[in-house]
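To start, the structure under review is shown below, and the notes come after it.
What follows is calculated from the coordinates using simple rules that are stated; it is not laboratory data. Small disclaimer: the values here were computed from a predicted structure and weren't measured. Glycine also receives a Cβ, built like all others from the backbone with ideal geometry; neighbour counts cover every protein chain displayed.
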Amino acid sequence: MKRVDVLIIGGSAAGITAALTARRFSKEASITLIRREKEVLVPCGIPYIFQTIGDVKKNLIPDGVLLNKNIEILVDEAVDINRAEKTVTLKSGEKIGYGKLVLATGSNPVVPKIKGIELQNIYTIKKDVEYLARLSAEIDKAKNVVIIGGGFIGVEVADDLSKKGLNISIIEMLPHCLQLAFDEEFYTLAEENLRNLKVNLVTGTTAEEFIGKEKVEGVKLSNGETLKADLVIIAIGTYPNTELAQKAGLKIGEQKGIWVDEYMRTVDEDIFAAGDCAEKTSFFTGKPTALRLASLATMEARVAGANVYSLKRKNPGAIGSFSTMVGGLALGVAGLTENAAKQAGFNYVIGEFAGPDRHPPVMPGCRELRVKLLFDKSSGKLLGGQVAGGASTAEIVNMLTVMISRGFTVEETAIMQFGTHPALTCSPISYPVSSAAEDALSKF
């Protein structure tokens, strides 16, 4: 039986990052990654394979990323963990011993129990190359596409498919798309852009039945309407893949992820977990949170990968940082929205600013940039930020995330130092983040 120093189960963002991090901390250790997939997708690129990227095969992470670092890849499925023996049994029958084990088994798409769900041409979004290739082929034949779910995946798929000239509808049970992610003034911007793309938004409504003989032909809604559909895409969220962990007797948390401590250790100190399969704790409250993001997964993997030899890093908790693009408009969030801040019990002050993202505004590519910041009223610390505008939106969101993690106050935000250039940024006189902080200061 082969035995390795570090064994990783799962070949997507968290698994790859954990392996690479483990290698950075040891040039000599034997590291093996087990994955079911022959080929691994870039997870965040999946909504764009149907038109923008154009081919699922163009959205792959090359094996060389691992092989060039002397990390072994085994394409097989782990079916059992023996914690006493410190071994993993594979579907092929092979057993591998480990010194430390990292679980990065990801998440699975939620499939609703709706009448007619077994009909052909009803798909979820899976991290599976062959499955997505079949979906892409069916999209090329389709005219009427119904997307169930108005979260990030549903909205981004709709944005991409709109470029193909299809009749697209989004069915969302909440009153608005992206309502859980943004405050009203931001999610309404996203909806406006979707409508400009001719996407039909049916909100405050659920799918009650999929209609058809062998293939789906329509979707019956709770509002009494029936939509034509020759293809349905279900994007209503994911749940942690903890089957292997549960079988091994590992503790499962409140949000159904594998329980981990701040070092990403499970209840078994020789087994770590990272990514969508692992339980998350809020940076702000210390309570369990359902956030599942690739960026969060890789942060956790960098903690787990470093700690397999000795405890070096701690997970500070999930801040929540994400961006999207709808009809050419970039939107992003760092930390808490107003709704999330209220639910967490924070008393907050808002600072806002909007202005051109180039200076002077006649510079090529200039567009309006809108920033909204939330500060805790008692401590003055930055709790969250939302941004809408051009391509710079994503990196401003990333900057705000770092500021939140370092405990920036409203005063420190107002006098922060930054670099500017006419073709790249807003004017230093009215830099939106510091200007929004100044607006907040006037309200304390």
Item checked: Globularity index of the range 111-236, i.e. its alpha-carbon radius of gyration over 2.2 N^0.38 Å -> 0.99
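Residues with beta-carbon under 12 Å from that of Thr205, excluding Thr205: net charge, scoring Lys, Arg +1 and Asp, Glu -1?
Values: positive: Lys220; negative: Glu172, Glu208, Glu225.
Taking every other residue near Thr205 into account, the sum is -2.
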Check: What is the Cα convex hull volume of the range 264-351 when expressed per residue in Å³?
Finding: 123 Å³
Check: What number, rounded to the nearest 500 deg cm²/dmol, is the helix-based mean residue ellipticity at 222 nm of the chain, given -39500 (n - 2.57) per DSSP H run of at least four residues and division by all its residues?
Finding: -7000 deg cm²/dmol
Notebook entry, point to check: Farthest toward the dipole's positive end in the range 328-441, which of Leu374, Val410, Leu336, given Cβ charges of +1 (Lys, Arg) and -1 (Asp, Glu) about the Cα centre?
Noted result: Leu336
Notebook entry, point to check: Going from the alpha-carbon gyration tensor of the chain, what semi-axes, largest first and in whole Å, does one get by taking the root of 5 times each eigenvalue?
Noted result: 36, 31, 20
Next item on the list: Answer with one residue from Leu424, Leu7, Pro316: the one whose Cα lies farthest towards the positive end of the charge dipole of the chain, charges on Cβ with Lys, Arg +1 and Asp, Glu -1.
Entry: Leu7
Margin query: Kirkwood Rh over alpha-carbon pairs of the range 187-253, then Stokes-Einstein at 25 °C and 0.890 mPa s: what D in µm² s⁻¹, rounded to an integer?
Written below: 159 µm²/s
Next item on the list: Calculate the spin-label point distance for Ile350 paired with Ser379, positioning each point 7 Å from the Cα along the beta-carbon direction, and give it in nanometres.
Entry: 2.3 nm
Check: So for the pair Met1, Leu90, with labels modelled 7 Å out along Cα→Cβ, what separation do we get in nm?
Finding: 1.5 nm
Check: With r defined as the distance between the Cβ atoms of Asn223 and Asn339 and R0 fixed at 22 Å, what FRET efficiency is calculated, to the nearest 0.05?
Finding: 0.35
Check: Taking the Cα-to-Cβ direction at Val402 and at Val111 and moving 7 Å from each Cα, how far apart do the two end points lie in nm?
Finding: 4.3 nm
Notebook entry, point to check: Which log10 I(q)/I(0) values, to two decimals, does the range 328-441 give at q = 0.12, 0.22 Å⁻¹ under the Debye formula with one point per Cα?
Noted result: -0.38, -1.18
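Any idea what the dipole of the chain comes to, in debye rounded to 20, about its Cα centre with Lys/Arg Cβ at +1 and Asp/Glu Cβ at -1?
Details: 51 positive and 52 negative charges, 172 e Å.
For the chain, the charge dipole is close to 820 debye.
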Next item on the list: Measure out, as a whole number of angstrom, how far apart the alpha-carbon centroids of the range 151-178 and the range 372-444 sit.
Entry: 30 Å
Next item on the list: Excluding residues on the same chain fewer than 8 positions from Lys220, give the lysines whose Cα lies under 24 Å from its Cα.
Entry: Lys113, Lys115, Lys141, Lys143, Lys198, Lys228
Next item on the list: Within 10 Å, count the other beta carbons around each residue, average over each peptide in 36-49, 95-108, and list them highest first.
Entry: 95-108, 36-49
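Calculate, for Glu184 and Arg367, the FRET efficiency according to 1/(1 + (r/R0)^6) with r their C-beta to C-beta distance and R0 22 Å; round to the nearest 0.05.
Numbers: r = 21 Å, r/R0 = 0.96.
For R0 = 22 Å, the calculated efficiency reads 0.55.
Take peptides 154-167, 393-406 and line them up by average Cβ neighbours within 10 Å, highest first, as a rough protection proxy. Kindly include the intermediate steps, with their values, before the conclusion.
Details: 154-167: 20.6, 393-406: 18.6.
Descending packing order for the listed peptides: 154-167, 393-406.
Against the 2.2 N^0.38 Å scaling, with N counting residues, where does the range 255-304 land? I'd like the Cα-based Rg ratio to two decimal places.
Details: Rg = 9.9 Å, N = 50, 2.2 N^0.38 = 9.7 Å.
Compactness ratio reported: 1.02.
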Notebook entry, point to check: Going toward the positive end of the dipole of the chain, with +1 on Lys and Arg Cβ and -1 on Asp and Glu Cβ, which of Gly93, Phe186, Thr266 do you reach last?
Noted result: Gly93
Item checked: For the range 29-99 versus the range 304-344, the gap between their alpha-carbon centres in whole angstrom -> 25 Å
